[in-house]
Amino acid sequence: MAAAKPSSKITETQITEPAKISKAEQKPLRVNSGRSYPVGATVHKHGVNFALFSANAEKVELCLFDASGKNEIQRIELPEFTDEVWHGSVEGLPEGALYGYRVYGPFAPHEGHRFNPHKLLLDPYAKQLAGDFIASNTHYAFDEHCPESDLTLDIRDNAAYLPKCVAIKPLSLCESHPQVRHRDTIIYEMHVKGFTKQRPDVPVELQGTFAGLAQPEVCQYLRDLGITSVELLPVHSFLDEAFVREKGLSNYWGYNSLNFFVPQPSYCHSGEISEFKNMVETFHQAGIEVILDVVYNHTAEGNELGPTLSFKGIDNASYYRLCPEDKRFYVNHSGCGNTLNIAHPRVLQLVTDSLRYWVEIMGIDGFRFDLAPVLGRGEHHFCANNHFFSTLKQDPVLAKVKLIAEPWDIGEGGYQLGRFPNQWMELNDRFRDTCRRFWRGDEGMASDFAARIHGSSDIFEPRTQGVSSRRPSASVNFITSHDGFTLHDLVSFEKQQNHANGEQNKDGHHSNFSSNFGVEGETDNEIINQLRQQQKCNLLTTLFISQGTPMLLAGDEMANSQQGNNNAYCQDNEISWLDWHNSEAQAEKEFVKRLIHLRKEHPLLNRTHYQHGKRVSKKTGLPDISWLNCRGQLMQESDWHNNSIKCVSMLLADTESEVLPAVDTVFGEYCQLGQPKDDALLIIFNAHQSDINYALPDLDGYWQILLNTAEPLGVFNEIKSENITKTCITAAAHSCVVLSFSESKQTNKIRINQLISVSNEDRE
């Protein structure tokens, strides 16, 4: 057995003879060779088949435990090794058996091997875990007290502190998928626990769980709001990092995966994984998709000084990317200590098997990939034709679901916005930053702001032989996300207030592009509060009238605050949990609800393809898109380069001749109301500190104000029927105005009556 230089206290006997097992409750079990596929524990009519990939192991032992999970009752050597998979079938072993593995092989860190049979290991393919993870130094495969640290072998057994894998029969296939079109998608980013932990209409015992999210009141809330797709922060089983535990905190966000198949046990009120599936099916019945935020870039095992819990002890050299010059150390593109070696075919198989499991069995409709460039890296650089992307594209299951990239990591060339494959969507942080800066009043933002609300065609519309290869829906637009200020805090704080994180307020984003408008934090100043409210409306309006896919952070529709904390990853408490008793919540919720309905009612706000002013309406003579200055004239090159300009308008014209079916604003479904589309829409954005008299385009017809953020929230909630015939409109300071144009006054009245009818039905 090859090994690194052991410490003087480590003997060969100690290396090869891990902890003794209890003889009590041992039952004779017959073991045969079984099958090498599928990998994992497969329950069959005669027992359970076990299969574990490890290319570099010398022996694998299956460890069985009693019902309590505390006593190891039997240890069985897997008898066969086929295509780098150790396997065996244990006859007579019942469903529900608790197990783990001990894997033998060289302990040679400089060569990338960290085998230690004294450490019980979790099956990477386990579908359920029993028992809690207990923090213990025994999880470290090395002697942390030795000067040579990770180069020495630790002989303590960790089984008492590790959850046990459960051999279960697979759940039935999920047949229900809403299949919301990309262009119709409205994403709502939420945390499983934080959304319901303080929600009063969820039973106390279910708050913070999958079962809590499945309550009818929750689904009805999201449906009424107009959400089509919820995006859940990580639900793969995860652990708290040691440095977080030492501060008495916890990993609230969950970006520290332990297993890629098991739903986080603390979110399961029943203790059964079917609870997660039932939640998904409940959302599906309401017509709402479920998207998972997944972390396949790293695991909870950290760097060379991290614990050995699964992958590291099974086959470290295969599962992780190691530094070629010294394989003792890990490539760290994730910033979390290690990087999963997705280039290895068996690791790629693990990830794709996991993705298919969540789609086929659990019913998931899409994935948001954390630090997605990691998955597209070869030896060093990112490539959109990487084997991972190619595998997903040709996979009959995964090719049909939504794929969303967080398009950056911390490696070389880590920022890859706009460079993912055509079928992917991407989180557009340039939209976030530009919109924040424009509405804050920064100079020189008009041109970039126009590009962002146009759907960022400069980023997402590469052209091959003059043909566009991507559509506006590729851009996932957001103003806020879990990672940063909430919307309320964005207009209330200029600096992060992360003192509760225990990092001297040095963590989190420092470039927030926020403004407190004169007072840091909460204030009784009505003028400031009114301006803050108006700015929130401006940002929300920009989000929902922009081309692309809008993503709303849960709580932003109800003035949720994290008290200025812009990095609440470790705050599993009232800082992060949504406050459902906020007095401002109802008015803001209604505003967001109307915004979403506005987007659904007006197809010009949600086009299938990018518009570049080349198609002209036969009805109005207007191009499909044009940009106007405050004089109602086309923006000139000099206007775009004038840094003092903080006002711009976007004119969208209907260039289609047919009348499309209307969209039901309550349910987001197509219905035959015979509603004509707008002839044109004009959206005025005024980020100046003063009012502007804005000249309306010289058109023969009628204008109707659909929205004016300068008016109180309640005004927008009431639908108006008057038409505007004047040639000029006042755009108040710090405001956004949305107007609809129709050549026919009668046509406009038809639309208004339909809106009033739908609104009344909604109220009932």
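Sequence-ordered 3J(HN,Hα) estimates for region 257-270 from the Karplus curve with 6.51, -1.76 and 1.60 and θ = phi - 60° stand at 5, 9, 8, 9, 10, 8, x, 3, x, 5, 8, 9, 4, 7 Hz, glycine and proline given as x. Rounded to the nearest 10 degrees, the angle from helix 274-285 to the longest Cα principal axis of the chain is 20 degrees. Across region 12-166, C-alpha contacts under 8 Å between residues 6 or more apart give a mean separation that, scaled by the residue count, equals a relative contact order of 24 percent. Annotation: amide H-H contacts under 5 Å for residue 707 (H modelled 1.01 Å from N, sequence separation of 5 or more, or interchain): 738. Near residue 73, the amide H atoms lying under 5 Å from its own belong to 64, 65, 66; only residues 5 or more places off or on other chains count, and H is placed 1.01 Å from N.
Helix 585-601: angle to the longest alpha-carbon principal axis of the chain, degrees 0 to 90, nearest 10? For helix 585-601, the angle is close to 80 degrees.
Electrostatic tally near residue 87: other residues with Cβ closer than 9 Å to its Cβ, Lys and Arg +1, Asp and Glu -1, net 0. When peptides 364-374, 349-359 are sorted by average Cβ neighbour count within 10 Å, with the highest value leading, the order is 364-374, 349-359. With a Förster radius of 30 Å applied to the beta-carbon distance between residue 224 and residue 698, the computed FRET efficiency rounds to 0.15. The label point for residue 728 and the one for residue 380, both projected 7 Å from the Cα toward the Cβ, are 6.1 nm apart. Other residues lying with their Cβ under 11 Å from the Cβ of residue 319 contribute a combined charge of +2, Lys and Arg counting +1, Asp and Glu -1.
Among beta bridges from DSSP that stay inside the chain, the antiparallel ones total about 75%.
The relative contact order of region 115-253 comes to 20 percent, based on Cα pairs under 8 Å that sit 6 or more residues apart. Model label sites at residue 160 and residue 507, defined 7 Å from Cα along the beta-carbon direction, differ in position by 3.1 nm. Across region 312-329, the residues whose backbone nitrogen lies under 20 Å from the label position 7 Å along the beta-carbon direction of residue 110 are 316-318, 322-329.
Tell me, what is the FRET efficiency for residue 394 and residue 274 to the nearest 0.05, using R0 = 30 angstrom and their Cβ-Cβ distance as r? It comes out at approximately 0.45. When you filter the trypsin sites (Lys or Arg not before Pro) in region 82-190 for DSSP loop state and at most 12 other Cβ atoms inside 10 Å of their Cβ, you are left with 181. Between residue 208 and 196, 197, the built amide H atoms are under 5 Å apart, and every one of these is 5 or more places off in sequence or on another chain. Segment residue 422..residue 349, full-extension length gain: 24.0 nm, with 0.36 nm per residue of separation and the alpha-carbon distance subtracted. Once you have the Kirkwood Rh of region 206-315 from its Cα pairs, apply Stokes-Einstein at 4 °C and 1.567 mPa s and quote D in µm²/s. Result for D is 84 µm²/s. Charged neighbours of residue 374, selected by a Cβ distance under 15 Å, balance to -3 (K, R count +1; D, E count -1).
Applying the Karplus relation 6.51 cos²θ - 1.76 cosθ + 1.60 with θ = phi - 60° to region 401-413 yields 3J(HN,Hα) values of 9, 6, 10, 10, 9, 7, x, 8, 9, 9, x, 4, x Hz, where x marks Gly and Pro. Full extension of the chain segment joining residue 134 with residue 266 gains 46.2 nm, where the gain is 0.36 nm per residue of separation less the Cα-Cα distance.
Take every pair of alpha-carbon atoms less than 8 Å apart whose residues are at least six positions apart; their mean separation over the length of the chain yields a relative contact order of 10 percent. Over the residues of the chain, the helix contribution to mean residue ellipticity at 222 nm works out to -6000 deg cm²/dmol, using -39500 (n - 2.57) for each DSSP H run of at least 4. Taking region 43-65 and a reference point 7 angstrom along Cα→Cβ of residue 95, the backbone N atoms nearer than 13 Å belong to 43-48. Region 415-435 and region 341-403 have Cα centres spaced 18 Å apart. Extending 7 Å from the Cα toward the beta-carbon at both residue 205 and residue 495 defines two label points whose distance is 4.8 nm.
Here the extension length gained between residue 616 and residue 37 equals 202.5 nm, from 0.36 nm per residue of separation less the Cα-Cα distance.
Counting other Cβ atoms within 10 Å as a rough exposure proxy, the listed residues 136, 617, 644, 457 run 644, 136, 617, 457 from fewest neighbours to most. Which entries of 119/193; 70/247; 589/677; 197/277 have Cα-Cα distances beyond 30 Å here? Going by Cα-Cα distance, 119/193 fall outside the 30 Å limit.
Highest mean first, the peptides 528-540, 308-320 sorted by other C-beta atoms within 10 Å per residue fall in the order 308-320, 528-540.
What do you get for the angle between helix 526-545 and the principal long axis of the chain? Use alpha-carbon atoms, 0 to 90 degrees, nearest ten. For 526-545 against the chain, the angle is about 80 degrees.
The Cα center of region 103-167 and the Cα center of region 596-641 differ in position by 60 Å.
Matching the structure-derived percent of Cα pairs over 41 Å apart against the labelled list (1) 36; (2) 53; (3) 41 gives the label (1).
Restriction of the GluC sites (Glu not before Pro) in region 356-436 to DSSP coil positions whose beta-carbon has at most 12 other beta-carbons within 10 angstrom yields 379, 412. Applying 1/(1 + (r/R0)^6) with R0 = 56 Å to the Cβ-Cβ distance of residue 84 and residue 583 gives a FRET efficiency near 0.35.
Bear in mind these aren't lab numbers, they're just calculated from the coordinates by the rules spelled out. Keep in mind that this is a model prediction, so the values were computed, not measured. Every residue, glycine among them, receives a Cβ derived from its backbone with ideal geometry; neighbour counts consider all protein chains shown.
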